[in-house]
Amino acid sequence: MCGIHTVAAQAPDQPLPKKVFIPETDVSIGIDSQLTDTRMPTTTAVYTGGIATTQITQGTSPSAGVLGTFHQSFKPWLGYNVNFGYTRFSENYSHGEEFTPNTTSALPANASFKQGSIRTSMYELTIAYRVEGPRTRRFSTFGQFGGGGLFFNPANNPADPKEQTRPAMVFGVGMNYKLTSHLDLRAEYRGLFYKSPDFNLPPFDGYDFPTTRLFAVTSAPAMSLVYRFGGRAKTPNTAVSREEELALRSECQSRLAQTYCCFCSAKSCWNAAMSCNPANSASASIFLGFVNPSFRAMRR
């Protein structure tokens, strides 16, 4: 007579596999543009004889350049960027003054205006923290904030400008679109905040070159091609091969064959154990761990 026995065994809770973080490293090369708003501060002074108005301007010509970035992550959500940039443009300056006498003044009205431009190359070296944002299967976003230096190398000019370095702050946001497992297309906006160069020229006194020392914000949108060397956080592969699964089944069935008539009950345990996760070797190990003591109890 065949007896049906129920094997009551409680498999210990198995912790979920932890994600293994693989630092991601990538390099990108692309083109960017330099767009700086012209600043035109105006001051007015009131005298007994009239009103004096002074206006200075400082801006740059729009330009295109090259941007290279090295990025490495040290946490799933945090890393750093090293940015290298080059562009060439003209720094434009002007200085204007106007005196308007009042009706009782004997002073004459007068005005003066002077302007000039200096052609210069600008090199960028900045380092920024990069924070990863929301991502999907194809798209990923990020933001960056940091600082560095801008190096201005002026061309020949009668004013005899000198090379100059300005500290700068860099900030921006961007988005990557995954093309392949190693290639991305990146679109980003970057901003540069710095003090405009005066190329070590003397302050304007009405006769010299009209340089200014105003703060500027340069917008630098960019498009780049990205090559990724590393990967992102992954879950360890706990799947067993087909050969390992067949070997486990064979071992289990050989042990079940040693019992009296309870193969069906034990096989149900096997199916239940494997149904938790057929690709997880831990489930088979748990089953094989409790099946022997249960069968010894059934023999008695």
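Cβ separations smaller than 6 Å between residues 6+ apart or across chains give the following pairs from the stretch 34-61 residues that are in the same structural domain as Ala222 (by TED's automatic domain parsing) and surrounded by 15 or more Cβ atoms within 10 Å (Cβ to Cβ) to residues that are assigned to a loop (DSSP other than H, G, I, E, B) and of a type in the set (Ser, Thr, Tyr): Gly50/Ser105; Ile56/Thr212; Thr57/Thr38; Gln58/Ser196; Gln58/Thr212; Gly59/Thr38.
Tell me yes or no: at least one residue of the stretch 116-125 is loosely packed, with under 13 Cβ neighbours inside 10 Å, in a strand (DSSP E or B), modelled with pLDDT of 95 or more and in contact with a strand residue (DSSP E or B) (Cβ under 7 Å, 6 or more places away or on another chain). No - not one qualifying residue is present in the stretch 116-125.
To keep it simple, each residue is scored yes or no on (1) without any contact (Cβ under 8 Å) to a residue 40 or more places away in the chain; (2) farther than 20 Å from Arg213 by Cβ; (3) not assigned by TED's automatic domain parsing to the domain that holds Pro210.
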residue	(1), (2), (3)
Tyr123	yes, yes, no
Ala128	no, yes, no
Pro134	yes, yes, no
Thr141	yes, yes, no
Phe145	yes, yes, no
Pro154	no, no, no
Ala159	no, no, no
Tyr177	yes, yes, no
Arg190	no, yes, no
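Restricting attention to the stretch 129-174, the residues that are of a type in the set (D, E, K, R), modelled with pLDDT of 95 or more and farther than 28 Å from Val226 by Cβ add up to 1.
The values are calculated or read from the model by the stated rules, or taken from the named source; none is laboratory data. No experiment lies behind these values; they were computed from the predicted model shown. Don't worry about glycine lacking a Cβ; one is built from the backbone with ideal geometry, like all the others, and counts go over all protein chains shown.
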